Amino acid sequence: MGKNIVPVKSVVYALSPFQQKIMSGLWKDLPSKIHHKVSENWISTILLVGPVVGTYAYAQNYKENEKLSHRY
């Protein structure tokens, strides 16, 4: 049995330490992107944010009433 030399082609991807702008497109024009997503899906946004804000407001109100309960 003879040894055959088989050339191996491989591609190596690497990031240059001098040019690491991977996520620069994510932060570019962020307020406009958020506005577009919210205006496009406003009902889903309300259904997500509404219960969270309501629960937070209820908890704060309960906490405040508990603090003032000894005054009555």
Q.
At 222 nm, what value in deg cm²/dmol follows for the chain if DSSP H runs of at least 4 each add -39500 (n - 2.57) and the sum is divided by all its residues, to the nearest 500?
A. -19000 deg cm²/dmol
Q: For the chain, please report how many Lys pairs fall under 29 Å Cα to Cα, leaving out neighbours fewer than 8 apart on the same chain.
A: 4
Q: Taking the chain as the reference, fit the longest principal axis to its C-alpha atoms, fit the long axis of helix 42-68 to the helix C-alpha atoms, and give the angle between the two in degrees, 0 to 90, nearest 10.
A: 50 degrees
Q) What size of dipole, in debye to the nearest 20, comes out for segment 29-71 about its Cα centre when the only charges are +1 on Lys and Arg C-beta atoms and -1 on Asp and Glu C-beta atoms? A) 160 debye
Q | Directionally averaged shadow of the chain, computed from the convex hull of its alpha-carbon atoms, nm² | A | 14.8 nm²
Q. For the chain, with the dipole built from +1 on Lys and Arg beta-carbon atoms and -1 on Asp and Glu ones, taken about the Cα centre, which of Tyr56, Pro7, His70 lies farthest toward the positive end?
A. Pro7
Q: Quick one: work out Rg over Rh on the C-alpha atoms of segment 29-71, Rh as Kirkwood radius.
A: 1.32
Q: Only Lys, Arg, Asp and Glu count, each charged at its Cβ (+1, +1, -1, -1), so figure out the dipole size of the chain about its Cα centre, rounded to 20 debye.
A: 380 debye
Q) Once you put a point 7 Å from the Cα of Val6 and another 7 Å from the Cα of Lys21, both along the Cβ direction, what distance in nm separates them? A) 4.2 nm
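Values quoted throughout were computed directly from the atomic coordinates according to the rules given, and no laboratory measurement underlies them. These numbers come from a predicted model, not from an experiment. Cβ: placed from backbone, ideal geometry, glycine included. Neighbour counts: every protein chain shown.
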